[in-house]
Amino acid sequence: MSDVFSGKWKNQLGSLLDLQVADGEVSGRLDMGVGNDGEPLWVEVRGRAGTDLITFNAVFPNHGTVVAWVGQHTVEGQVRQIRTVWVHATNVPDSQEQAWMWSSNRIGADVFKRVSD
């Protein structure tokens, strides 16, 4: 199957994902607009892709978090999409781990729709 992932995608919250795939290696940038501190928030993404499946992750060093997405390319109503599930892990300081480790991971979903080829 040819590369179906390279290009620009936008999710339901307006985040812009710009991906390049070469020999199964995924690289790119995720622009989430503005973060909680009012500063522009974008990160590099890295991952792997095969056939119509993809996984990519991002590290948010200023926020103490990492996020990993896994998903599949599909077409619905002639709209190309990447349907993903993500896991978001937040660092809990060592001194607070026993009390707060339970709150360190969140799971959700994103649908990225193609905005250009």
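Please work out the Kirkwood hydrodynamic radius for the range 7-116, using every pair of different C-alpha atoms, and report it in angstroms with one decimal place. Provide the component values of the computation, followed by the final result.
Details: mean 1/r = 0.0671 Å⁻¹.
Taking the inverse mean of 1/r over all distinct Cα pairs, the range 7-116 comes out at 14.9 Å.
Which of Ser6, Ser103 has the fewest other C-beta atoms within 10 Å, and how do the rest follow up to the most? Mind dumping the intermediate values first?
On the way: Ser6 16, Ser103 10.
In order of increasing Cβ crowding within 10 Å: Ser103, Ser6.
Between Gly71, Gln96, Leu30, the Cα set farthest toward the positive side of the dipole of the chain (charges on each charged residue's Cβ, about the Cα centre) is that of Gly71.
Sorting Val45, Val92 from the fewest to the most surrounding beta carbons within 10 angstrom yields Val92, Val45.
Each value in this text was obtained by applying a stated rule to the coordinates, not by laboratory testing. Keep in mind that what you see is a predicted model, and the values were worked out from it rather than measured. When we count neighbours, we look across all protein chains shown, and the Cβ atoms used for this are built from the backbone with ideal geometry, even at glycine.
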